[in-house]
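A short reminder: the numbers here are calculations on the coordinates, not readings from a lab. No experiment lies behind these values; they were computed from the predicted model shown. Every residue, glycine as well, gets a Cβ built from its backbone with ideal geometry; the counts of neighbours run over all protein chains shown.
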Amino acid sequence: MIHLKTIDELRLMRESAQLVSKTLGMLAAEIKPGATTNRMDQLAGEFIRDHGGEPAFLGMYGFPKNLCISPNAEVVHGIPNDKPLEEGDILSVDCGVHMNGFYGDHAYSFEVGEVAPETKKLLKITKESLYKGIEQCVRGKRVGDISYAIQEYCEKNGYGVVRELVGHGLGRKMHEDPQVPNYGRKGSGKVLKDGIVLAIEPMINLGTEKVKFHSDGWTVTTLDMKPSAHFEHDVTIIEGKPVLLSTYRYIYEALGITSNEEAPFTKDF
């Protein structure tokens, strides 16, 4: 069952999502060769609590850390550790917050130093595909329109679109209906309505779309061990059009990046 949110509820959800955004922005300055993901995890936990939230991932389904941090060939659900980052790594940082009774959940794939050109392009196309999906978050369209837009854009660039892991609805629970695959058919799936909240998250591989689930019960890697990219935003529909609850603005401020990619999906409410 899909739970549509009121404007007041969406305002509370935006606060939760924005705390995730601020946490990722804080971490952006820490991501460099020699840093450890355990240290980032510690900083994130402290930051979230200092700002009135709780780390949503800690203990969820038994997960042992505050963040899911997945380098290189890890797709998602990587467990932070003490291995130092190296020049040329990429790093998906997925963060969740519980605050005001609602969840925020989004992710960004960072470059560690200077990365290979083919990997840089993978990150670029994956992030662009996220916005292709968000463009389809229009009243009266269907989940499959989001899925198709992401799949079509990534596959035409030669990348593998992960099948086993999907985006999802978001609200008082971390995972609500509907599921939001990154592949699918136009016109299929649930109808999109005002007040829906979706965590849209392309997980796109440089090589095969096939993945391997590891024995720790969490880590997922690409089957061919080529890099994977992951970007995620929290999106709602207001007055028929897509509106972002999360933002990459704090990351871009930390990294000195100028971008207007979020402008079409920004609205005061």
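Just a few scattered comments:
- Computed from point charges on the beta carbon alone (+1 for Lys and Arg, -1 for Asp and Glu), the dipole magnitude for segment 151-257 about its Cα centre is near 240 Debye.
- The ranking of 143, 138, 161 from fewest to most other beta carbons within 10 Å of each one's beta carbon is 138, 161, 143.
- In this simple spin-label model, placing a label point 7 Å from the Cα along the Cα-to-Cβ direction at both residue 165 and residue 152 gives a separation of 2.6 nm.
- Solution diffusion estimate, µm²/s, Stokes-Einstein, segment 1-111, Kirkwood Rh from C-alpha pairs, 20 °C, viscosity 1.002 mPa s: 150 µm²/s
- Largest GNM mean-square fluctuation among 258, 219, 36, using the chain with Cα springs under 10 Å: 258.
- The relative contact order of the chain comes to 23 percent, based on Cα pairs under 8 Å that sit 6 or more residues apart.
- Backbone HN-Hα couplings from phi across segment 212-227 [Karplus 6.51/-1.76/1.60, Hz, Gly and Pro as x]: 10, 9, 8, 6, 6, x, 10, 4, 10, 10, 5, 5, 8, 6, 7, x
- Listing 4, 67, 245 from fewest to most neighbouring C-beta atoms within 10 Å gives 4, 245, 67.
- Counted charge near residue 237, where neighbours are those whose Cβ lies closer than 9 Å (Asp, Glu -1; Lys, Arg +1): +1
- In loop segments of segment 109-169 as defined by DSSP, the GluC sites (Glu not before Pro) with at most 15 further C-beta atoms inside 10 Å of their C-beta are 114, 164.
- Normalised per residue, the volume of the convex hull around the Cα set of the chain (Å³): 115 Å³
- Among 234, 177, 145: highest mean-square fluctuation, GNM of the chain, C-alpha pairs under 10 Å: 177
- Listed residues 16, 109, 215, most fluctuating in the chain (Gaussian network, C-alpha, under 10 Å): 215
- Each residue in 142, 39 was given a count of other beta-carbon atoms within 10 angstrom of its own, and listing them fewest first yields 39, 142.
- Percent RCO, i.e. relative contact order, over segment 29-180, from Cα pairs under 8 Å lying at least 6 residues apart: 18 percent
- Each residue of segment 252-269 is assigned a 3J(HN,Hα), and the resulting list reads 5, 4, 5, 9, x, 9, 9, 8, 10, 5, 8, 3, x, 10, 10, 8, 7, 8 Hz, derived from the Karplus form 6.51 cos²θ - 1.76 cosθ + 1.60 (θ = phi - 60°), x at Gly and Pro.
- When the GluC sites (Glu not before Pro) in segment 49-98 are filtered for DSSP coil states and for at most 15 other beta-carbon atoms within 10 Å of their beta-carbon, the remaining sites are 86, 87.
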